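Student: Have a look at the structure that comes next, please.
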Protein chains: 2
Amino acid sequence: MASLPAGPEIERLIQLLAKLPGLGPRSARRAALTLLKKRDILLDPLANAMRDAASAIKTCETCGNLDTTCPCAVCRDARRETHVLCVVEDVADLWALERAGVFRGRYHVLGGALSALDGVTPERLNVASLVARVSDGVDEVILAMNATVEGQTTAHYLMDTLASTNAKVTRLAHGVPVGGELDYLDEGTLSAAFKARRSL
Amino acid sequence: MASLPAGPEIERLIQLLAKLPGLGPRSARRAALTLLKKRDILLDPLANAMRDAASAIKTCETCGNLDTTCPCAVCRDARRETHVLCVVEDVADLWALERAGVFRGRYHVLGGALSALDGVTPERLNVASLVARVSDGVDEVILAMNATVEGQTTAHYLMDTLASTNAKVTRLAHGVPVGGELDYLDEGTLSAAFKARRSL
């Protein structure tokens with residue numbers, strides 16, 4: 001790419017914006033221009049918000065969630081059930097489940113999924129703390145891993161690891177997504193949906 | 001949308017990120033999480049880059065380009081032709097043409113396009129300074145407006161306004177984009193390409 005007719009400060013801003021997920025080189029340029037043109041209403045507030053969030057953010061020592069308090073809002077909430085634990089790979093997954101509003105228990109964030117390729121071993125995930133929590137009076141562990149090879153490998157590993165505890169271990173259902181059309185679904189999903197069919 | 005199980009600082013960061021072009025609510029959440037997880041290598045450098053760019057940025061008084069110097073790099077470059085002027089709506093268009101590396105003259109940034117709907121009148125664009133520059137020894141004015149209704153309205157308006165000067169006024173060609181397939185093109189583009197066909 002030819003260099004822009006703009007100073008090094010602008011180039012650097014674009015380079016860093018392009019590292020955000022969802023922004024490529026082209027959209028990073030657009031974002032940088034928007035920031036520079038809307039300095040008072042966007043650039044300055046965003047720079048401040050980033051500084052505020054960076055100084056306020058904490059990783060919850062109980063579940064691994066990101067929040068401005070430790071324990072986090074979920075772990076602190078006395079109305080949530082303590083005997084059901086939902087295990088997720090990442091904080092983003094926890095947020096997604098909270099948006100769905102379907103779960104009223106506590107979470108446990110693994111911090112990734114097992115991957116031989118990327119050298120992610122069980123020791124690099126929050127597995128030991130999970131086993132400790134489950135042994136401490138949890139009735140059900142819901143494994144809410146991604147439906148990827150890494151996610152399912154991790155789920156199987158956790159199932160084996162948690163077998164020594166008394167907790168019931170469940171996983172999310174696989175099947176046709178709500179609103180999905182069969183014609184557009186892959187064979188794996190269709191096959192899973194068929195095998196798990198239910199009587200009406 | 002249900003609120004996230006995260007503090008107000010994180011909510012605010014997500015809200016501001018979602019205002020960037022190319023980022024919606026969902027990708028803003030992903031971007032915020034990435035920033036918070038990569039604080040040292042992404043969040044802090046980006047916050048600094050934003051501050052640096054904000055304090056360094058200047059609008060070129062000659063052409064309207066954004067740069068860290070005034071006059072900007074293009075206006076300052078003595079190797080560029082001074083008798084050809086390329087008029088663009090926005091700084092982003094100037095950057096796009098520079099990336100193509102097709103033009104070696106100077107630019108003039110209008111700061112938008114005429115729009116009755118949005119109340120953009122000729123007085124709100126850099127038209128007066130354009131006429132003054134063209135009258136001051138410019139041979140050719142290339143109108144590089146967007147091929148939108150607003151862009152073409154602006155081009156027609158500028159053509160009339162610049163008629164009083166001695167400069168030749170040209171516009172970019174319309175036609176089939178390089179790499180484009182006829183099957184996917186709209187009728188307007190096909191019609192323009194047909195009318196402007198050239199003998200081989």
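Student: Give the average over all directions of the projected area of the C-alpha convex hull of the protein assembly as shown, one decimal, in nm².
Tutor: Mean orientational projected area (the protein assembly as shown, Cα hull): 27.6 nm².
Student: If you don't mind, there's one more thing I want to ask. Compute the label-point distances linking residue B:21 to its equivalents in the other copies; points lie 7 Å from Cα along Cα→Cβ; give nm, one decimal, shortest first.
Tutor: Its label point is 2.4 nm from the equivalent points in the other copies.
Student: Going 7 Å from Cα along the Cα-Cβ axis for the label, what nanometre distances separate residue A:170 from the same residue across the other copies?
Tutor: Once sorted, the set of distances for residue A:170 reads 7.1 nm.
Student: Can you list the copy-to-copy distances for residue B:156, using a point 7 angstrom from Cα toward Cβ, in nanometres, shortest first?
Tutor: 6.7
Student: Sort A:182, B:143 by accessible area with a 1.4 Å probe, largest first.
Tutor: Values: A:182 105, B:143 5 Å².
Correct descending sequence by accessible area is A:182, B:143.
Student: What figure in square angstrom, to the nearest 10, would you give for the accessible area of residue A:41 with a 1.4 Å probe?
Tutor: It works out to around 120 Å².
Student: Starting from the range A:68-146, pick out the GluC sites (Glu not before Pro) whose DSSP state is loop and whose Cβ has at most 14 other Cβ atoms within 10 Å. Mind dumping the intermediate values first?
Tutor: Working: sites: A:81, A:89, A:98, A:123, A:140; in loops: A:81, A:89.
Counting only loop positions with at most 14 other Cβ atoms within 10 Å, the GluC sites (Glu not before Pro) in the range A:68-146 are A:81.
Student: Of the candidates A:99, A:133, A:29, which one comes out as most mobile in a Gaussian network treatment of chain A with C-alpha springs shorter than 10 Å?
Tutor: Between A:99, A:133, A:29, it is A:29 that shows the largest mean-square fluctuation.
Student: Once you sort the root eigenvalues of the Cα gyration tensor of chain A as a ≥ b ≥ c, which label holds: rounded (a/c under 1.5), prolate (a/b larger than b/c) or oblate (the other case)? Intermediate values should be presented prior to the final figure.
Tutor: Values: a/c = 2.20, a/b = 1.56, b/c = 1.41.
Prolate, because a/c is 1.5 or more and a/b exceeds b/c.
Student: Anyone know which of A:135, A:55, A:27 comes out most mobile in the 10 Å Cα GNM of chain A?
Tutor: Highest fluctuation of the listed residues: A:27.
Student: Considering the rotational relationship between chains B and A, which residue of chain B contributes the beta-carbon of minimal distance to the axis, and what is that distance to the nearest Å?
Tutor: Measuring from each Cβ to the axis, the minimum is at B:47, 3.
Student: Could you order B:131, B:87 so the one with the most accessible surface comes first? Probe is 1.4 Å. Don't jump to the answer; show the numbers that get you there.
Tutor: On the way: B:131 40, B:87 0 Å².
Largest accessible area first, the list is B:131, B:87.
Student: Now for a separate question. Could you give the angle, 0 to 90 degrees to the nearest 10, between helix B:91-100's Cα long axis and the longest principal axis of the Cα atoms of chain B?
Tutor: 70
Student: Something else now. Unpartnered cysteines of chain A (Cβ-Cβ under 4.7 Å counts as a partner)?
Tutor: A:63, A:70, A:75, A:86
Student: Moving on. With springs only between Cα atoms under 10 Å, which of B:22, B:111, B:137 fluctuates most in a Gaussian network model of chain B?
Tutor: Looking only at B:22, B:111, B:137, the largest GNM fluctuation is found for B:22.
Student: May I pose another question? According to the Cα gyration tensor, what semi-axes, each the square root of 5 times an eigenvalue, does the equivalent ellipsoid of the range B:5-83 have, listed from largest to smallest in whole Å? Before the final figure, lay out each step's value.
Tutor: On the way: eigenvalues 265, 38, 22 Å².
After diagonalising the Cα gyration tensor, the semi-axes are 36, 14, 11 Å.
Student: Take residue A:79 and residue B:182, extend 7 Å from each Cα along the Cα→Cβ direction, and tell me the distance between the two endpoints in nm.
Tutor: The two pseudo-label positions are separated by 6.5 nm.
The values are calculated or read from the model by the stated rules, or taken from the named source; none is laboratory data. Bear in mind that the values here come from a model prediction, so they are computed numbers and not experimental data. A quick note on method: Cβ atoms are made from the backbone with ideal geometry, for glycine too, and the neighbour counts reach across all protein chains shown. Side chains included, ligands, DNA and RNA excluded: accessible areas come from the protein's heavy atoms. Shrake-Rupley method; radii C 1.70, N 1.55, O 1.52, S 1.80 Å.
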